[in-house]
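Laboratory data are not the source of any read-out in this text; all were calculated from the coordinates shown. In this text, all values refer to a predicted model and were calculated from it rather than measured experimentally. FYI the Cβ positions are ideal-geometry reconstructions off the backbone, even for glycines, and counts take in every protein chain you see.
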Amino acid sequence: MNLFHLGLKSLWSRRYTAILVLLTVAISTALLIGVERIRHSTKSSFTNTVSGVDLIVGARSGSISLLLYSVFRLGNPTNNITWESYRDFAEKQGVAWTIPLSLGDSHRGFRVLGTSRDYFEYYKIGRGRSLVFDAGNEFDQLLDVVLGAEVAEQLNYKIGDEIIIAHGLGTTSFSNHDDNPFTVSGILARTGTPVDRTLHVSLEAIEAIHVGWEGGVKIPGATRSVSQLRDKDLQPKAITAFMLGLESRVGVFKLQRAVNEYREEPLLAVLPGAALQELWGFMRVAENALWIISLFVVFAGFVGMIAVSLAGLNERRREIAVLRAVGASSTNVSALLIVESVILTAIGIVLGMTVLHALVWILQGIIETRFGIGISNALPTATEWKLIGGLLLAGTAAGTVPAVVAYKNTLMDGLTARV
Amino acid sequence: MASVLELSELAFRWPSADVRILEIDEFSIPRSKHTFLMGASGSGKSTLLNLVSGVLTAEHGSAKIDGADIQGLSSKMRDRLRAEKIGYIFQQFNLIPYLSAIENVLLSCRFSPARAAAAQQRHGSQRDSALSLLTGFFPNQNLDFDRAVTALSVGQQQRVAAARALIGAPSLVIADEPTSALDHDTKARFMELLVQESDRQNSTLLFVSHDPTLTNHFHRMIRIEDINSAVIG
């Protein structure tokens with residue numbers, strides 16, 4: 001019978017206490033690895049928000065502000081850019097495609113984005129994943145609208161439904177473009193990105209519904225019917241921002257500099273990847289806080305384990321004296337306690353990982369729908385293995401505390417333990 | 001006749017204490033001479049046993065078991081010598097509660113390859129050796145030795161402890177008041193079996209007790225006060 005068997009039997013004899021310790025370790029493991037997995041998934045969901053776009057161009061403000069309103073539909077642009085400037089860059093040599101973006105209207109709390117059909121072709125999410133239609137098609141008619149998955153789901157819209165877009169932002173609006181209702185022409189598949197929360201219309205539609213509006217206010221009697229609108233020249237004078245892709249990425253910095261030094265109006269071009277990284281840097285505070293909290297939980301878990309082990313040590317002085325009498329050295333006794341601790345930690349980790357996988361399996365769908373974060377339920381990543389290794393080390397370290405105390409006890413007690 | 005235990009100039013005091021609690025000039029136990037060591041509590045019995053088993057370190061002097069001075073060894077070697085040469089029976093709570101009777105007996109072999117080999121040589125396997133000893137200690141009783149020891153009575157537990165002390169035939173078996181928790185009949189039976197099995201294993205008993213009624217089981221009786229010249233009290 002080796003120390004491992006002895007430790008296993010000893011733990012089994014104290015199984016109720018052992019199970020509680022096991023649960024502590026399991027909860028610590030599930031929390032630590034869970035936080036790591038959420039962190040990793042959030043980051044990848046975040047960096048997957050937009051891909052395949054080489055530059056985002058908007059009015060000169062800050063790179064994060066530009067990224068927030070153009071990609072995340074958060075906050076407001078400081079200024080628009082003129083149609084001429086947009087065309088100027090769109091027609092530049094080496095520019096493969098552009099996606100114009102026009103923001104400012106909303107529908108029941110969801111942002112309305114005026115864009116071109118190129119959006120559905122070139123806007124990519126994740127690792128170059130194109131947008132996919134769950135139902136219907138791109139906008140074809142002037143007042144067609146393509147809904148993001150969440151918009152359709154939350155507001156329960158189907159293809160062919162008519163909706164009214166509000167001027168400005170906010171859930172409740174008293175200033176509606178109610179004379180020109182839109183018809184749902186398509187519903188996009190879920191992406192887990194802000195696209196899900198967006199209503200997409202054509203740039204011309206944005207222009208059309210603002211005909212007869214001055215300074216954000218509807219002029220009575222000045223609005224037109226759809227057929228009247230169709231005849232009008234609906235080319236916008238300004239857009240909010242645009243995205244562009246190059247034929248070869250080699251020229252991206254050169255073009256960025258050209259945008260930033262553009263003389264006609266103050267513009268700003270950002271590389272989406274770099275701006276996303278910068279924005280993620282701000283989130284790091286929250287990320288670190290979460291991380292530190294879970295580390296403290298792990299710490300508390302192992303302190304609890306030490307406490308239970310130390311409390312049990314007094315009851316085990318007899319047992320230890322017997323082991324000493326049959327020839328176990330003080331080191332053997334210490335090793336036994338460390339072995340027990342390692343066994344508890346190892347089983348606790350396995351239990352914790354099982355619980356975590358079960359939880360992810362159950363909650364995966366809900367988290368994806370609610371927060372747009374796809375948490376993977378795959379086998380542990382390299383980082384997670386490192387954390388698991390760390391936990392096992394911590395468990396071993398936690399075992400050394402009672403081991404050292406027991407070692408001292410054996411020297412003091414000799415073979416005549418006083419209980 | 002060679003001595004199984006030989007003490008010489010053995011002295012001990014606790015590191016912080018002014019006076020010695022043990023001081024023995026000469027004392028030896030010849031092989032096969034089961035010895036009864038009588039002493040009241042506080043007479044230095046426990047200290048003597050801890051010195052003999054090498055758990056405590058003497059101020060000076062030697063304690064030779066089968067000629068090897070346990071006090072002159074490193075702590076690792078002391079543990080090894082104790083495992084090989086000494087079987088130990090406590091007053092009570094002798095057994096590891098989460099092991100079966102057989103496993104408790106085999107524990108001695110776990111820490112001493114020499115005793116494991118001796119047990120194996122004698123009965124073919126360690127387990128058979130343990131079973132033979134246990135059957136010796138529980139004659140005419142059909143007990144399941146693979147069951148948890150917690151189901152055994154105190155008297156039965158002491159017999160298992162004695163079997164553990166004797167497996168692999170150690171030279172010296174120290175019994176530290178093993179009968180103090182037993183009633184009269186159980187005590188007498190335990191003593192008979194202990195002496196009988198010790199003889200069978202060729203192990204010499206050093207039996208410590210303050211109960212004078214047990215002296216008739218032994219070849220000789222020594223009072224600890226007679227060999228310990230340290231002033232106690």
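Below are the figures for this structure:
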read-out	value
Helix B:75-85 vs. chain B, principal-axis angle (Cα, 0 to 90°, nearest 10)	50 degrees
Per-q log10 I(q)/I(0), segment A:1-91, q = 0.19, 0.23, 0.24 Å⁻¹ (Debye; single scatterer per alpha-carbon; no solvent)	-0.98, -1.14, -1.17
Segment B:11-88: Cα Rg divided by the 2.2 N^0.38 Å rule of thumb	1.10
Residues of type aspartates and glutamates that residue B:45 reaches as a straight line, Cα spacing below 17 Å, ignoring anything fewer than 8 places off in the same chain	A:413, B:6, B:9, B:23, B:25, B:26, B:59, B:176, B:177, B:211, B:225, B:226
Taking segment B:1-78 and dividing mean pair separation by its residue count, relative contact order in percent (alpha carbons under 8 Å, at least six apart)	37 percent
Of every Cα-Cα pair in chain A, the percent that sits beyond 40 Å	41 percent
Two-site label geometry, residue A:158 and residue B:181: point separation in nm, points 7 Å out along Cα→Cβ	8.1 nm
Debye, to nearest 20: dipole size of segment B:156-233, +1 on Lys, Arg Cβ, -1 on Asp, Glu Cβ	220 debye
Cβ-based charge dipole, segment B:106-151, positive-most Cα from B:131, B:141, B:107	B:107
Computed over segment A:48-183, Cα set: Rg, Dmax in Å	15.6, 45
Which of A:408, B:33, B:85 has the fewest Cβ neighbours within 10 Å, and the rest in rising order	A:408, B:33, B:85
Fewest-first ranking of A:120, A:282, A:133, using other Cβ atoms within 10 Å as the exposure measure	A:282, A:133, A:120
Sequence of A:119, A:407 once ranked by neighbouring C-beta atoms within 10 Å, starting from the fewest	A:407, A:119
Sequence-distant aspartates and glutamates (8 or more away, or on other chains) whose Cα lies within less than 13 Å of residue A:237	A:84, A:204, A:207
Rough spin-label spacing in nm, given labels placed 7 Å along Cα→Cβ, for residue B:62 and residue A:331	2.6 nm
Lys/Arg +1, Asp/Glu -1 at C-beta; the protein assembly as shown dipole; positive extreme among A:379, A:99, B:160	B:160
Over chain A: helical MRE at 222 nm, DSSP H runs n ≥ 4 each giving -39500 (n - 2.57), nearest 500	-17500 deg cm²/dmol
Estimated D of segment A:234-374 in µm² per second, where Rh is the Kirkwood radius over Cα pairs and Stokes-Einstein applies at 4 °C, 1.567 mPa s	58 µm²/s
Kirkwood Rh, Cα atoms: Rg over Rh of segment B:80-171	0.94
Mean separation of Cα contacts under 8 Å, 6 or more apart, over the residue count of segment A:30-139: relative contact order %	27 percent
Across B:33/B:187; B:85/B:187; A:92/A:254; B:33/B:64, pairs whose alpha-carbon gap is larger than 18 Å	B:33/B:187; B:85/B:187
Electrostatic dipole magnitude of the protein assembly as shown [Cβ: Lys, Arg +1; Asp, Glu -1; Cα centre; debye, to 20]	1560 debye
Sparsely packed chymotrypsin sites (Phe, Trp or Tyr not before Pro) within segment A:1-93, loop by DSSP, other Cβ within 10 Å at most 10	none
Two-site label geometry, residue A:283 and residue B:225: point separation in nm, points 7 Å out along Cα→Cβ	8.4 nm
Enclosed volume per residue, in Å³, of the convex hull spanned by Cα atoms of segment B:126-177	85 Å³
Along each principal axis, Cα extent of chain B, largest first, Å	53, 37, 36
10 Å binning of all Cα-Cα separations within segment A:266-344, expressed as whole percents from 0 upward	14, 26, 16, 13, 12, 10, 6, 2, 1
Degrees between helix B:113-123 axis and first principal axis of chain B (Cα, 0 to 90, nearest 10)	40 degrees
FRET efficiency estimate (nearest 0.05) - Cβ-Cβ, residue A:247 to residue A:60, R0 30 angstrom	0.70
For residues of B:76-83, the mean tally of beta carbons on other chains within 10 Å	4
Farthest toward positive dipole pole in segment A:263-369 [+1 Lys/Arg, -1 Asp/Glu at C-beta], among A:290, A:357, A:311	A:311
Peptide A:2-11, shielding by other chains (average Cβ, 10 Å cutoff)	2
Normalised contact order of chain A, rounded percent, pairs of Cα under 8 Å and 6 or more residues apart	26 percent
